[in-house]
1. Could you list, in sequence order, the residues of the stretch 284-321 that are part of a strand (DSSP E or B), touching a Ser or Thr at 6+ places or on another chain (Cβ under 6 Å) and under 22 Å from Val217 (Cα atoms)?
2. Hand me the list of strands (runs of 3 or more DSSP E) wholly inside the stretch 346-442 holding 1 or more residues that are modelled with pLDDT of 95 or more and within 25 Å of Val321 (Cβ to Cβ).
3. Only one of (1) touching a residue at least 12 places away in the same chain (Cβ under 8 Å); (2) surrounded by fewer than 22 Cβ atoms within 10 Å (Cβ to Cβ); (3) within 27 Å of the chain's Cα centre (by Cα) fails for Phe284. Which number is that?
4. For the stretch 153-175, state whether one or more residues are in contact with a strand residue (DSSP E or B) (Cβ under 9 Å, 6 or more places away or on another chain), surrounded by fewer than 16 Cβ atoms within 10 Å (Cβ to Cβ), part of a helix (DSSP H, G or I) and charged (D, E, K, R).
5. Find all pairs meeting these conditions: Cβ atoms under 7 angstrom apart; at least six residues apart or on different chains; first residue within the stretch 111-130 and farther than 18 Å from Ile226 by Cα; second residue outside any helix (DSSP H, G or I) and not small (Gly, Ala, Ser).
6. Would you say Val88 is more than 26 Å from the chain's Cα centre (by Cα) and β-branched (Val, Ile, Thr)?
7. Could you tell me whether Glu84 is of a type in the set (Asp, Glu), touching a residue at least 12 places away in the same chain (Cβ under 8 Å), crowded, with 16+ Cβ neighbours inside 10 Å and assigned by TED's automatic domain parsing to the domain that holds Val47?
Amino acid sequence: MVDTENEIAVARTMLQEAMVLQTAGNLAAAAPRYRMVIERGYRVADVLPILAGILAQLGELDDAVAQWDALIAIDPDHKVAHHEQGLVHNRLGNADAAIACLQRACRVDPENPIAANNLAVMLSDAGRKREALIEFRRALELQPGNIHIQHQIRRLGAEQVPFWHIPMMNDTRRNDAFEAAIKAAIAQKGPGARVLDIGTGSGLLSMMAARAGAGPVVACEVVPIIADMAQHIVAQNGYSDQVKIHAKLSTELQVGVELDEPADILVSEILSSDLLTENVLGSFEDAKERLLKRDAVIIPRAASAIGCLVESEVLNHYVFVDKVSGFDLSRFGDFATQKLPIHGTMTDWRRLSDDIELVRIDLTAKHNESNLQRLSIPVLADGVATGIVQWMHVDLCEGVTFDNHPDGYTDGGWLQVLHNFPEPIQVRAGETLELAVGHDRITLIVQPLEVAVSAAVAQVA
């Protein structure tokens, strides 16, 4: 504290000198004078934020944090101190400390859109996307029409939600097939049957089940912002009393917690374009072991990967490289993708074989082991084989199937997949191409073995 009038006069003089130096842009000379003012206890709460700001401009970040700490010790709810200290921590790379400071700033100053926006940015940079979206939306409520914030909200949503969700929702043929299977299952199990929906996405299949007369529907969705949106959609459509959505993996659900008892029906659409990538086997097997009644209906009950041998100059340029501008770049082909999503009706390719089943998965089985078998594909036309174009055939229930055959599927989220060979293979009509086909429970395996002259019918050995 300042004890004498003389000390007060000295402190005032130092403060005036510091302010003059600061105005002149001489921050390095102003900072020591501001310190001396503080040391004399004169107008400390007013001078600390000035000194902290100057230190941050000079790059003396740790010292700036210390000055903000000193101010917060005097005024714990100083909204500027929490905000600015968060920005300094962010510059220091202290993400957790920066976020904590901005969260405190938002608590003491909830109507500040700049603090909300800065907190959202820091959360996003730290990978905490769900929390970032909440803060961006709050910032937008404080600043309606702010284009920058609107852009961030759309960007974050698009980053976390794969593009294929919307075309899949608009796939009427797929939707009708699933709904027919759901209705058949509820007719079999009776009104009020309990339903488990794994990977609910928008909540569509859960609402179909509720509309068809199901009892409680428990759904899970691992992507938090999708789960949040599904909750809103379910409520908007009037099914929030019947459908409960949990933002977690199905393997984290428990009977007696999220489910009051094991479910009568499992419905799930976590099949990927190459069948298995979304851990469908592990999820189904765990559900059958822990979350379903022993006689539960499983939708879908089976799925097959179907494919044909193809030639395509267009696809070759995506998966193979040879001579480029007079240089041999073929070794770079070692890094080529093993599978390439394609749209069958929009890509130029030519069939070199009939359709053939590559792999069939029984989704009602207690366990599916990884497997690898030899498959012979009769070649129907001369050409240079790029690989196998593969699609799905899904058996939903008795009499209800769905496929994304490339010759007639144009309106859904499931694409076809090119399983390209390590290098192009010259084939001739009448030969058979020998493949190793199977799966490792997570991905399909399609690997060429040899070209053999044979008139034999293709068969798995």
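The values are calculated or read from the model by the stated rules, or taken from the named source; none is laboratory data. In this text the structure is predicted, and so the values were computed from the model without any measurement. A quick note on method: Cβ atoms are made from the backbone with ideal geometry, for glycine too, and the neighbour counts reach across all protein chains shown.
1. Ile298
2. Working: elements: 356-362, 371-378, 383-397, 400-403, 416-427, 431-439.
Of the strands (runs of 3 or more DSSP E) lying wholly inside the stretch 346-442, those with at least 1 residues that are modelled with pLDDT of 95 or more and within 25 Å of Val321 (Cβ to Cβ) span 383-397, 416-427, 431-439.
3. So Phe284 meets the others, but not (2).
4. Scanning the stretch 153-175, I find at least one residue that is in contact with a strand residue (DSSP E or B) (Cβ under 9 Å, 6 or more places away or on another chain), surrounded by fewer than 16 Cβ atoms within 10 Å (Cβ to Cβ), part of a helix (DSSP H, G or I) and charged (D, E, K, R), so the answer is yes.
5. Pro113/Gln143; Ala115/Asp109
6. On the way: more than 26 Å from the chain's Cα centre (by Cα): yes; β-branched (Val, Ile, Thr): yes.
So Val88 passes the test.
7. On the way: of a type in the set (Asp, Glu): yes; touching a residue at least 12 places away in the same chain (Cβ under 8 Å): yes; crowded, with 16+ Cβ neighbours inside 10 Å: yes; assigned by TED's automatic domain parsing to the domain that holds Val47: yes.
The answer is yes for Glu84.
A quick yes/no check of all residues on (1) in contact with a strand residue (DSSP E or B) (Cβ under 9 Å, 6 or more places away or on another chain); (2) within 17 Å of Gln85 (Cβ to Cβ); (3) basic (Lys, Arg); (4) loosely packed, with under 13 Cβ neighbours inside 10 Å:
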residue: Leu27; (1), (2), (3), (4): no, no, no, no
residue: Ala30; (1), (2), (3), (4): no, no, no, no
residue: Met36; (1), (2), (3), (4): no, no, no, no
residue: Ile50; (1), (2), (3), (4): no, yes, no, no
residue: Ala56; (1), (2), (3), (4): no, yes, no, no
residue: Asp62; (1), (2), (3), (4): no, yes, no, yes
